[in-house]
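The values are calculated or read from the model by the stated rules, or taken from the named source; none is laboratory data. These numbers come from a predicted model, not from an experiment. FYI the Cβ positions are ideal-geometry reconstructions off the backbone, even for glycines, and counts take in every protein chain you see.
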Amino acid sequence: MQSVNGLVGHGALLLALPFIALGIIAVPVAVNRGRRDWLEIGYGAVYANFALMSAAALAMISALVTHDFSVSYVAQVGSRETPLFYTIISLWGALEGSILFWAWVLSFYGMTVVALNKSRAGNLVPYAAMTLLCISLFFSILLVGPANPFHVVSPVPQNGPGPNPLLQNHILMAVHPPLLYLGYVGMSVPFAFAVGAVLSGEAENNDWIKVSRTWTMASWGFLSAAIIAGMWWSYEVLGWGGYWAWDPVENASFLPWLTATAFLHSAMVQERRGMLRVWNLNLVVGTFVLTILGTFLTRSGIISSVHAFTTGTIGYYFLAFITIVLVTGGVIVAGSSDKLRSKGKLDSAASRETVFLLNNLFLTAFMLTVLVGTLFPLVAEAMRGVKVSVGGPFFNRMSLPIIAALLFLMGVGPALPWKVASKAELRSKLIPPTAGALVLAAAALIAGIHDPYGILVFAFVGYAATANFREFSIGAAVRRRAHGESWPTAFLRLVEGNRRRYGGYIAHFGVFFVALGIAMSSTLRTEREATLQRGMTMQIAGRTLRLQDIWGREEPQRQVVGATLEIMNGNRVTGTLEPRMNFYRTQQEPVPTPDVRSGVLGDLYLNLMAFRPDGSNATIRAIYQPLVPWIWFGGGVVVFGAIVAGWPTARRRRVPAVVPVPAPPKPPAREPEYAA
Amino acid sequence: MNWRRAGIAAALVIPVVFVFSRGMKIDPREIPSPLPGNPAPPFALAVFAPGQPPLERPIGDTVRLADLRGRVVVLNFWASWCLACRDEHVGLTDVARGYAGKPVTFVGSLYQDTPGNGTQWIAEMGGQSYPSVNDPKARTAIDYGLYGVPETFFITAEGKIARKITGPAPPQVIRQIIDSLLTTTSSP
């Protein structure tokens, strides 16, 4: 007997299929016969898809909350003991629910795209809507087929095993996956516009690039936030004191981020100079392909990873879909490349577009490096039947030079004008930041970093941060002189006058914080492990820790064992930390909850490794890592920059143009603002 | 549209799909268990679900692996909250009934669950021909290095683990394994 939840959810999923199919057919009919009414049908299907996916998702949430174990997904991830909060977020905790969530987010994007752009003339938007419906169709087929979360379970179980313990241990699990989906799924929109542009024959003008850039900016902001939140989660939950392990699925989230970052930069070159048009098409299509590849890797069970879900036949559906996407992508890029020959030419090596070109080169090289490292084990196993694993050392060694080069370019690019820079400009813009480089390199040496790449990262961050800061300070100084504004007003007006540009610089600063945090914490990490009895102490990074207590506690869904440690400064207790171990009913391995004391300069991180059942002693691993919080803070700054740059502008509202004019004869170009 | 170039791009997809499709056939989680060939960890667990005649054991009776020397033992770990266990249940019960009178013993071991839930589940699923034991604190499951439920271990008459199946066990596979174990035992 199907419950109301199951009935509504399953019904909505089944009903969505004909609507989606209708929409996909309606668009070409509307375009080819010029039938406005068919276009309305197509758009109506987009809205209907969102309504039905919402109904299905809400039915699932209702089933989870009411412990309706007659719904297969609930029987798989629910349990009466799980706290409400984790019950709700287990919507994306396992395969079927995550596919449902994906389809829901995708339908939301489809609706937003249509609602915001349907007044736009031409066939770009109809075809983009159709493309999004095609992607929706795939996920809807999954949802009524191999990933149906609404199967009827009979007899109804009394209780379920509950969600994966790792997913019910930290509040970031409520944050990381939705952000990731918003970022990942959002990359479908630029792809849809790319397909739309080719199908409607509008690939030659820059219109689709402008729309795609805005959408990429939003999705990129979500994806950046998601990656940082994922790092943070891994740091706070997994108990190894690290935040990035080059796990295949981490890489999968990073790959489209790299290409999207490249696109955000190269799109400017196309808008300004009409160059890189085929390349941009490649980046947009590539980013989408990489998101689907990432999903395929996680959902098909093809590689082993902490993130991988167990699966059945669903991998083959994904394989079919990824084939279609690759062929479509290849055909539209290669097929339209003739028409998209560059209009502009590089005028000089010393120009901003050259730096963007290099930036794209390095970002793409980075992406290919990570891609090769991620897929190599798969290729090796398929071709030679051997198990190979590619680990951190490969990725670190390969990526460090690229990261250093990118940091350096982040300092050069903003300083150079479009087209060509004069010798005087080069001198006045590129030399002063060297002081910043020297200062930070010295700081790194004083802090005790001996790793050459660590010092190089510090130096280049110093260089680039100074260069980026000068963009603000010089611009604000010009405004101050011209308008008699105070410094804060001048800064704000400057940013307001060209949010896209200065938002980008703000995001750069976020990257600098992240880079410093990673460079410091990975090179200057100290670690101690000790087995302590009550009252005994251990030393770490100049701090004394005293084990005060070992305790146990019953919670409805788990048993918790914890150790209380005091942080001592001389005889004074300056704080306590409580690393814990959680034992879940359906899991043999305990799940750790490390405890972290964060300071501006670094983190003291404690993990409970083992304990005597009688409570007589506990083994504690203590890790001190400098500047870890800078990574999280930097991530926040990156996202803030994306918001400043990407927030839709009210149309036609322009702040009176006051262009900083530091160096004649050629005024530095000011990018025009595009309404979203 | 330049169709020649488009065709070349599409053709480039073939090797990628080939690698992926090969990869699909390999299960990255299939790590060979170190257990087969080694002595089965001993257990002594109390029956909570008696099973049906002729395989019945009274509730509270202790099933000891040591007492089962000379018999092939099929040890199946399951739970009432486990959906995949439902898929193999009817098959297991039928196969067990089919080997009544042969030197084969089926034991169900309840994993991370209460006997109350287990008993109710068995009733709802239409009964179980062989007895099930309770495994408090999953001690035995841990000894056997359980990956998840369901998981089925086949123990030879000499008390060695011969094979294990993770996930629902298909009836014909269970029969095949048991038959091969019975022939190797009966031949001197």
Legend entry - helices (runs of 4 or more DSSP H) wholly inside the stretch B:88-188 containing at least 1 residues that are away from chain A (no Cβ under 14 Å) and exposed (fewer than 15 other Cβ atoms within 10 Å of the Cβ): B:171-186
Inset, instruction - Test A:Gly552 against the stated conditions and say whether it is surrounded by fewer than 21 Cβ atoms within 10 Å (Cβ to Cβ) and modelled with pLDDT under 90. - result: no
Inset, instruction - Go through the stretch A:304-328 and give me each residue that's among the small types (Gly, Ala, Ser) and at pLDDT 80 or above. - result: A:Gly315, A:Ala320
Legend entry - Test: A:Lys429 is assigned to a helix (DSSP H, G or I) and in contact (Cβ under 8 Å) with a residue 12 or more places away in the chain: yes
Inset, instruction - Identify all residues within the stretch A:339-372 that are more than 27 Å from A:Leu416 (Cβ to Cβ) and either of a type in the set (Lys, Arg) or touching a Lys or Arg at 6+ places or on another chain (Cβ under 8 Å) (or both); write none if there are none. - result: A:Lys339
Inset, instruction - Report yes if some residue within the stretch A:338-361 is of a type in the set (S, T, N, Q), under 30 Å from A:Ala404 (Cα atoms), assigned to a helix (DSSP H, G or I) and within 21 Å of the chain's Cα centre (by Cα); otherwise report no. - result: yes
Inset, instruction - Determine which single condition A:Ala56 fails, assuming it passes every other condition in (1) more than 13 Å from chain B (Cβ to nearest Cβ); (2) closer than 30 Å to B:Gln112 by Cβ. - result: (2)
Inset, instruction - State the number of residues belonging to the stretch A:264-284 that are under 17 Å from A:Leu223 (Cβ atoms) and over 15 Å from the mean Cα position of the chain (by Cα). - result: 4
Inset, instruction - Quick one: count up the residues across the stretch A:140-160 that are of a type in the set (A, V, I, L, M, F, W, C) and surrounded by fewer than 24 Cβ atoms within 10 Å (Cβ to Cβ). - result: 6
Inset, instruction - Go through the stretch A:106-121 and give me each residue that's surrounded by fewer than 20 Cβ atoms within 10 Å (Cβ to Cβ) and within 23 Å of the chain's Cα centre (by Cα). - result: A:Phe108, A:Thr112
Legend entry - Test: residue in the stretch B:22-35 that is within 14 Å of another protein chain (Cβ to nearest Cβ), out of contact with any Gly (no Cβ under 7 Å at 6 or more places or on another chain) and crowded, with 21+ Cβ neighbours inside 10 Å: yes
Inset, instruction - Please enumerate the residues belonging to the stretch A:59-73 that are of a type in the set (A, V, I, L, M, F, W, C) and within 14 Å of chain B (Cβ to nearest Cβ). - result: A:Phe69, A:Val71
Legend entry - Residue match in the stretch A:338-355 (condition: at pLDDT 85 or above and closer than 30 Å to B:Pro168 by Cα): no
Legend entry - Pair list, Cβ under 8 Å, 6 or more apart: the stretch A:365-384 residue at the interface with chain B (Cβ under 10 Å from one of its Cβ atoms) and under 14 Å from A:Ala252 (Cβ atoms), other residue part of a helix (DSSP H, G or I) and modelled with pLDDT of 95 or more: none
Legend entry - Members of the stretch A:209-226 that are under 17 Å from A:Pro177 (Cβ atoms) and touching a residue at least 60 places away in the same chain (Cβ under 8 Å): A:Gly221, A:Ser224, A:Ala225
Inset, instruction - May I ask you to list the residues in the stretch B:64-87 that are part of a helix (DSSP H, G or I) and within 22 Å of B:Leu45 (Cα to Cα)? - result: B:Leu65, B:Ala66, B:Asp67, B:Leu68, B:Cys85
Legend entry - Hits in the stretch A:93-140 (condition: part of a helix (DSSP H, G or I) and either touching a Pro at 6+ places or on another chain (Cβ under 7 Å) or on the phi > 0 side of the Ramachandran plot (or both)): A:Glu96, A:Gly97, A:Leu100
Legend entry - From A:Leu95, A:Leu39, A:Leu124, residue being farther than 25 Å from A:Ile24 by Cβ and either surrounded by 19 or more Cβ atoms within 10 Å (Cβ to Cβ) or touching a strand residue (DSSP E or B) at 6+ places or on another chain (Cβ under 7 Å) (or both): A:Leu95
